[in-house]
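Taking it in order: structure first as structure tokens, then the write-up.
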Amino acid sequence: MRRTFQLDAMDRRLLGLLREDARRSTAELARSLGVARMTVVDRLKRLEGTGVIAGYTVRLGDEAQRGRMKVQTLLRIDAKKSDAVVQALHRIDQVRAVFAINGVFDCMALIEAETTAEIDTVLDAIGSIPGVEGTQSSIVLSVKFDRH
């Protein structure tokens, strides 16, 4: 069973360093934090064990992202079908994330694709999911910064 706990200043600093570069060695992290390497190892085990750190991933660089289109799509969803809609969205590879939101729309889906034709196909697929009552999409023209 996972326990909840409060992150302290060192946990937050450690997480910040990992967000910048999760491939840093524990020795490098320890030097940056001014603590022993085993302190970092223990902190990482605790953060992973409690689910604060859910995993490590690859973040594509600017060159790999160049040419990829990003679209934010707002969705109005029949509340009785929301779970099924989210499951259907999860099966579409180009849908990178789905967020529950408040207001006129119920969810926001982030879509990534190579071409406008691919985006069009994805939007048609989303619109045909039973329970999706309406959508509104915006193309992301540029990313000014991203802290992911």
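The values are calculated or read from the model by the stated rules, or taken from the named source; none is laboratory data. All figures in this text were calculated on a predicted structure; none of them were measured in a lab. Note: ideal-geometry Cβ built from the backbone for every residue, glycine included; neighbour counts use all protein chains shown.
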(message) Please go through (1) part of a strand (DSSP E or B); (2) more than 19 Å from the chain's Cα centre (by Cα) for K81 and return the number of the only condition it doesn't satisfy.
(response) (1)
(request) Check off (1) over 17 Å from the mean Cα position of the chain (by Cα); (2) surrounded by 11 or more Cβ atoms within 10 Å (Cβ to Cβ) for G67 and give me the number that stays unchecked. (result) (2)
(message) Kindly evaluate L60 against the criterion of being at pLDDT 95 or above, within 18 Å of the chain's Cα centre (by Cα) and not in a helix (DSSP H, G or I).
(response) no
(request) Give L15, L89, L75 a once-over and let me know the one that is surrounded by 13 or more Cβ atoms within 10 Å (Cβ to Cβ) and not assigned by TED's automatic domain parsing to the domain that holds A125. (result) L15
(message) Among (1) farther than 13 Å from P130 by Cβ; (2) part of a helix (DSSP H, G or I); (3) of a type in the set (D, E, K, R), there is one condition R76 misses while meeting the rest; what is its number?
(response) (2)
